[in-house]
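Participant: One structure, pasted below without further comment.
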Amino acid sequence: MKKGIHPENYRIVAFKDMSNDDVFLTKSTAVTNETIEVDGAEYPLVKMEISRTSHPYYTGKSKLVDTAGRIDKFKTKYAKFKK
């Protein structure tokens, strides 16, 4: 492998699933200004709309997550084509 192409600033980061408030810790180089306290320690926070704990493929449940109103925008945009 080539030397010097991989980041050196790996650190423990908290990822939070905003649809079910699940938080998990992993190493990452993701840049963020927010922090969260987990088990008495403070970690950088990265917010996600969907993760392994809320994705239908992993949970086996069909669940609609619409945090940005995308479905309503789509229905409004294409309502004029409805007969």
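The values are calculated or read from the model by the stated rules, or taken from the named source; none is laboratory data. Computed from a predicted model, the values in this text were never measured in an experiment. We place every Cβ from the backbone using ideal geometry, glycine too, and count neighbours over all the protein chains shown. The protein model used for the area step is the full one, side chains on, heavy atoms only, and it has no ligands, DNA or RNA in it. Shrake-Rupley method; radii C 1.70, N 1.55, O 1.52, S 1.80 Å.
Participant: Working carefully through the options S19, S54, find the one that is farther than 23 Å from N9 by Cα, small (G, A, S), at pLDDT below 80 and surrounded by 13 or more Cβ atoms within 10 Å (Cβ to Cβ).
Facilitator: S54
Participant: Tell me whether segment 35-45 contains one or more residues that are in a loop (DSSP other than H, G, I, E, B) and at pLDDT 85 or above.
Facilitator: Yes, the conditions are met somewhere in segment 35-45.
Participant: Looking only at segment 2-30, count how many residues are in contact with a strand residue (DSSP E or B) (Cβ under 8 Å, 6 or more places away or on another chain) and not acidic (D, E).
Facilitator: Residues in segment 2-30 being in contact with a strand residue (DSSP E or B) (Cβ under 8 Å, 6 or more places away or on another chain) and not acidic (D, E): 16 in total.
Participant: List the residue pairs whose Cβ atoms are under 8 Å apart, where the first residue sits in segment 45-61 and is within 10 Å of K16 (Cα to Cα) and among the β-branched types (V, I, T), the second is modelled with pLDDT under 65 and open to solvent by less than 70 Å² (accessible area, probe 1.4 Å), and the two are 6 or more positions apart or on different chains.
Facilitator: Sorted first by the residue in segment 45-61, then by its partner, the pairs are I50/V65.
Participant: Give me the residue from segment 1-16 that is open to solvent by 50 Å² or more (accessible area, probe 1.4 Å) and assigned to a strand (DSSP E or B) and, out of that set, nearest to G69 (Cα to Cα).
Facilitator: I12
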